[in-house]
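Enquirer: Below are the C-alpha cells for one structure; questions will follow.
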Amino acid sequence: MSADDHTAEPLPLDAWHRARGARMVPFAGYAMPIQYDGIIAEHQWTRDHAGLFDVSHMGQLTLSGEDVDTALEALLPGDIKGLGVNRMRYSLLLDDNGGVIDDLMVTRRADDFYMVVNGATKQGDVAHMRARLPGSVPLVTMDSYGLLALQGPEAVTALARLVPGVEQLTFMTAGLFGHGEHKFWISRSGYTGEDGFEISLPAHSVDMFATLLCNQPEVKPIGLGARDSLRLEAGLPLYGHDLDTNINPAAADLGFAISKRRRTEGGFPGAETILADLRDGAKTKRVGFAVEGRLPAREGAGIFAGDAQVGTITSGGFAPTVGAPIAMGYVEAAHAAPGTALEIEVRGKRLAATVTPMPFVPHRYVRKGVSQ
C-alpha cells in the first residue's frame, strides 16, 4: 500500500483488485486500479472483447415525489418530462451562470428517477440539488451500492450468459434484472464509446458478481488508465478536465443535451447565456486534435496560431486504436473549424496539430431499430 492509499477510501472491490495484481492509485478520494496488465493491452482487450471496470466511486442517487420531473427541469437543461420509463438521458447540472457543475446520467424508472454523477463531485452535487429541490422531492444517496461497467463488443455475450434478457436492452435503456436478493439495475450504456452495460448492485454482491463476470472467457478486469484512453478516443469529455463551472454547454459542444422544447421554453440555470451562445456561437469551442509525431500533448499545453495562443489542451494522450497522439481542448471560435492547422507547445517544442472531428474512433452503441 502506498502512502497515498492511506488517504484514499477503499471501494467494495479493493481486496479483489489487489488480489488480481492491480496497481492502485488515489482518484476522486478513492483507491482505484489504474492498470492490471498494462494500459495498452487493457485498452485493446476492451476494443476486441469485454472489459470490466469498477466505477463504484460514482455517485448513485434516487429522486422521487410529486412533480419530480418539473423540479429536475429547474436544475438540468434536458427534456426530463418527456423521458419514458426505463429511458436514460445524458444531462448537465448547471450553476446560475450556465457553468457546468457536473455531467450526469438520469433515468426515469417506474417510481423514481435514478441518477449517476461523478465521484469527485458527488457530495457537492447532492448539496447543490438538495438546496434547490422542493421539500416534496426527496433525494436519497445509494451509499450501500456498487457500480460496475462492462464494456466492449463481447459484453452482451458475457452478461447475457449470467443475466438472461439483458440482450433485449438497447443503447440508453435500462431495467431491473435478477430475482430475490440478487436484483440488479442494468443499463445499456457506458463511457468508452463501445457497446456495454452499467450494473448497479448492492455492495455486498459486487465481489461475487465481478468474479462471475471475470470467469467468462470474454472478460478481463480493466483499470482507469484504459478507461481514460477509451473515452478520449470516443471524444467524451471528462469532468474536471474538459468541463467545469467556467465552461457552458455551448462552448463544450454539448448542445445535444438541450432539447428543442427546453431551447424554446428555457427555464434552466443560465438559459439566457447558453441559448444566446447556441444561437450566435460561443467564443470558444471544444475541439479534437490529431497531433503529428509520437509525443503526446497533455492537459494544460498551449495551442497556438503563429505567435498567438488561441487555446489550451484539456485532455490528451497516445491513442492505441488510432496509433498516434490525439487531444481535445478549447480554442477561439475562429480556429475551431475541422482541418484548421495549429501548433501545440509541449516541453518547449511546437507540435503540428490539426483540428479534427470527434469521435476519433466511431462509437459502437447498439441502438434501437438499427441493424448491426
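Enquirer: Is it true that some residue in the stretch 38-54 is within 20 Å of P202 (Cβ to Cβ) and among the small types (G, A, S)?
Expert: no
Enquirer: Do we have any residue at all in the stretch 345-353 that's touching a strand residue (DSSP E or B) at 6+ places or on another chain (Cβ under 6 Å), assigned to a loop (DSSP other than H, G, I, E, B) and either closer than 30 Å to G38 by Cβ or among the β-branched types (V, I, T) (or both)?
Expert: No - not one qualifying residue is present in the stretch 345-353.
Enquirer: Which of the numbered conditions does L159 fail, given that it passes all the others? Conditions: (1) hydrophobic (A, V, I, L, M, F, W, C); (2) touching a helix residue (DSSP H, G or I) at 6+ places or on another chain (Cβ under 6 Å); (3) part of a loop (DSSP other than H, G, I, E, B).
Expert: Failing condition for L159: (3).
Enquirer: OK, next. Can you find even one residue in the stretch 218-226 that is in a loop (DSSP other than H, G, I, E, B), under 28 Å from R23 (Cβ atoms) and over 21 Å from the mean Cα position of the chain (by Cα)?
Expert: yes
Enquirer: Moving on to the next point. Looking at (1) within 29 Å of F197 (Cα to Cα); (2) out of contact with any helix residue (DSSP H, G or I) (no Cβ under 9 Å at 6 or more places or on another chain); (3) assigned to a loop (DSSP other than H, G, I, E, B), can you tell me which one P325 breaks?
Expert: It is condition (3) that P325 fails.
Enquirer: So is L61 more than 15 Å from L148 (Cα to Cα), part of a strand (DSSP E or B) and either in the same structural domain as Q216 (by TED's automatic domain parsing) or touching a residue at least 12 places away in the same chain (Cβ under 8 Å) (or both) or not?
Expert: Considered against the rule, which asks whether it is more than 15 Å from L148 (Cα to Cα), part of a strand (DSSP E or B) and either in the same structural domain as Q216 (by TED's automatic domain parsing) or touching a residue at least 12 places away in the same chain (Cβ under 8 Å) (or both), L61 comes out as yes.
Enquirer: Does the stretch 77-106 hold any residues that are closer than 17 Å to V126 by Cβ and acidic (D, E), and which are they?
Expert: Scanning the stretch 77-106 gives D95, D102, D103.
Enquirer: Related question: Can you confirm whether V106 is assigned to a loop (DSSP other than H, G, I, E, B), touching a residue at least 24 places away in the same chain (Cβ under 8 Å) and not assigned by TED's automatic domain parsing to the domain that holds A210?
Expert: no
Enquirer: Follow-up. Does the stretch 275-296 include one or more residues that are over 23 Å from G78 (Cβ atoms), in contact with a Leu (Cβ under 7 Å, 6 or more places away or on another chain) and in a strand (DSSP E or B)?
Expert: Yes, some residue in the stretch 275-296 is over 23 Å from G78 (Cβ atoms), in contact with a Leu (Cβ under 7 Å, 6 or more places away or on another chain) and in a strand (DSSP E or B).
Enquirer: Scan (1) within 13 Å of the chain's Cα centre (by Cα); (2) within 28 Å of K283 (Cβ to Cβ); (3) aliphatic (A, V, I, L, M) for the single condition A252 breaks and write down its number.
Expert: The one condition A252 does not meet is (1).
Enquirer: Another question about this same structure. Quick test of your reading of the structure: S144 fulfils all but one of (1) out of contact with any helix residue (DSSP H, G or I) (no Cβ under 8 Å at 6 or more places or on another chain); (2) under 24 Å from L212 (Cβ atoms). Name the failing condition by number.
Expert: (1)
Enquirer: Moving to a separate point now. Tell me, yes or no, whether the stretch 239-246 has at least one residue that is without any contact (Cβ under 8 Å) to a residue 60 or more places away in the chain and farther than 20 Å from R350 by Cα. Give the derivation first.
Expert: Initially, the stretch 239-246 is screened for residues without any contact (Cβ under 8 Å) to a residue 60 or more places away in the chain, giving none.
Scanning the stretch 239-246, I find no residue that is without any contact (Cβ under 8 Å) to a residue 60 or more places away in the chain and farther than 20 Å from R350 by Cα, so the answer is no.
Enquirer: Which one is surrounded by the fewest Cβ atoms within 10 Å (Cβ to Cβ), of the residues in the stretch 178-216 that are part of a loop (DSSP other than H, G, I, E, B) and either of a type in the set (D, E) or without any contact (Cβ under 8 Å) to a residue 40 or more places away in the chain (or both)?
Expert: G180
The values are calculated or read from the model by the stated rules, or taken from the named source; none is laboratory data. The shown structure was predicted, so the numbers you read here are calculated from the model rather than taken from an experiment. Every residue, glycine among them, receives a Cβ derived from its backbone with ideal geometry; neighbour counts consider all protein chains shown.
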